[in-house]
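Let me begin by presenting the structure, written as structure tokens, before commenting on it.
The values are calculated or read from the model by the stated rules, or taken from the named source; none is laboratory data. All values reported here derive from a predicted model rather than from experimental measurement. With ideal geometry, Cβ positions are generated from the backbone for all residues, glycine too; neighbour counts draw on all protein chains shown.
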Ligand SMILES: NC(=O)c1ccc[n+]([C@@H]2O[C@H](COP(=O)([O-])OP(=O)(O)OC[C@H]3O[C@@H](n4cnc5c(N)ncnc54)[C@H](O)[C@@H]3O)[C@@H](O)[C@H]2O)c1
């Protein structure tokens, strides 16, 4: 087992990464027990994940009074109705401030559990047991918690750090192929924004990544968590460098919005968005020509989309990006790369250059 620390003063916590941590209840118990203050625990999960890994978690907690809150599976249920049902559940089961919530699942379960933990009795402890690649390298680390509002994703939320994150790379074996690839988009992003050598290693090992080689995945998850932890430690509530994590996301969110709910997985839209962001970086002469194509090859090789089936309207795309919640004070901001391994936020550029990139991209 390897451990990465998220250094946030009094809120510092470990990310434990090791094979079989979610199938070996003794190992898991040794990690969880020291974190639990009282006698009560609530496991939050969904049926899909509970069927696969629930029993290990219940066995690991056999000395506690364990209540299981099973939510419906899917982004559509990361909402206020499920939040309300979770609050009712904790009240009816008489949980008190010493309770510990355990999020067992992907980013949907993790985000909802985190927000319930942030607000139940003004904040209780929670632990993340992420089971998708996206959750393991991204959503379980950093303390962003939220539910969706009908008018906007993640609009109701708060920052609330977990007590620990426990990651078993072997659980990725059961993940559907598209979900697995979507997580790889965020992994490649870390290489692009923060570690050129990491990107080079990913490019060289796409076949092993596609095989879900668990030794390689353990290393890849660790490096991804290290990069995210380092950025979060510098900027816990996103007033500065944490925005670099949004590389490809401004374009990606616009694609998601314009294509309609459920067409793209988030990581798929981010994959295409990263190509756009790299091409924009080339257009601005920050990135050497040919690097966007190099990134495209890497993303293609791990089965991620890098182009659109049918072109979108440039004007609609621009409009959708202006609406993006990451546009500060009406000023459109973009994360660009000035050479793989580094990134920066820009808010001054010519509209023409952005239009040119989008037009050329949509023309294929
Ligand atoms: N908090 C953050 O910082 C942050 C960052 C990025 C994304 N997010 C959020 O994360 C959510 C997306 O998370 P996600 O991509 O993990 O999706 P998800 O939670 O919907 O999981 C994807 C699917 O895989 C299933 N699943 C989970 N683990 C499995 C396993 N090991 N084997 C088989 N099936 C499994 C789930 O039941 C689900 O059907 C979005 O709501 C997004 O807003 C949050």
Working carefully through the options 28, 35, find the one that is surrounded by 15 or more Cβ atoms within 10 Å (Cβ to Cβ) and farther than 17 Å from residue 114 by Cα. 28
Looking at residue 227 and the list (1) more than 15 Å from the ligand (Cβ to nearest atom); (2) closer than 30 Å to residue 10 by Cβ; (3) assigned to a helix (DSSP H, G or I); (4) free of Cβ contacts under 8 Å to residues at least 40 places away in the same chain, which single condition is not satisfied? (1)
Conditions (1) assigned to a loop (DSSP other than H, G, I, E, B); (2) touching a residue at least 24 places away in the same chain (Cβ under 8 Å); (3) within 16 Å of the ligand (Cβ to nearest atom); number of the one not met by residue 263: (2)
Would you point out which residue out of 293, 282, 268 is modelled with pLDDT of 90 or more and either surrounded by fewer than 16 Cβ atoms within 10 Å (Cβ to Cβ) or outside the structural domain of residue 247 (by TED's automatic domain parsing) (or both)? 293
Being without any contact (Cβ under 8 Å) to a residue 40 or more places away in the chain and assigned by TED's automatic domain parsing to the domain that holds residue 80 narrows it down to one of 163, 153, so name that one. 153
Here are some residues: 164, 194. Which one is touching a helix residue (DSSP H, G or I) at 6+ places or on another chain (Cβ under 9 Å) and more than 21 Å from residue 1 (Cβ to Cβ)? 194
For segment 79-112 the number of residues that are more than 10 Å from the ligand (Cβ to nearest atom), assigned to a helix (DSSP H, G or I) and touching a residue at least 60 places away in the same chain (Cβ under 8 Å) is 3
Report, by residue number, each residue of segment 53-73 that is within 16 Å of the ligand (Cβ to nearest atom) and outside any helix (DSSP H, G or I). 68, 69, 70, 71, 72, 73
Could you please tell me which pairs satisfy a Cβ distance under 8 Å, a separation of 6+ or placement on different chains, a first residue in segment 331-349 that is without any contact (Cβ under 8 Å) to a residue 24 or more places away in the chain, and a second residue that is assigned to a strand (DSSP E or B)? 347/328; 347/331; 347/334
Just the residues that are over 25 Å from residue 267 (Cα atoms) and within 12 Å of the ligand (Cβ to nearest atom), please, taken from segment 113-143. 118
Within 16 Å of the ligand (Cβ to nearest atom) and either exposed (fewer than 15 other Cβ atoms within 10 Å of the Cβ) or under 21 Å from residue 135 (Cβ atoms) (or both): is that true of residue 76 in this structure? yes
Out of (1) surrounded by fewer than 24 Cβ atoms within 10 Å (Cβ to Cβ); (2) more than 30 Å from residue 306 (Cβ to Cβ); (3) away from the ligand (no atom under 13 Å from the Cβ), the one residue 166 does not meet is (1)
Check off (1) within 29 Å of residue 177 (Cβ to Cβ); (2) assigned to a loop (DSSP other than H, G, I, E, B); (3) modelled with pLDDT under 95 for residue 305 and give me the number that stays unchecked. (3)
Residue among 148, 154 that is outside any helix (DSSP H, G or I), near the ligand (Cβ under 9 Å from one of its atoms) and on the phi < 0 side of the Ramachandran plot: 148
Flag for residue 48 being in a helix (DSSP H, G or I), in contact (Cβ under 8 Å) with a residue 12 or more places away in the chain and crowded, with 19+ Cβ neighbours inside 10 Å: no
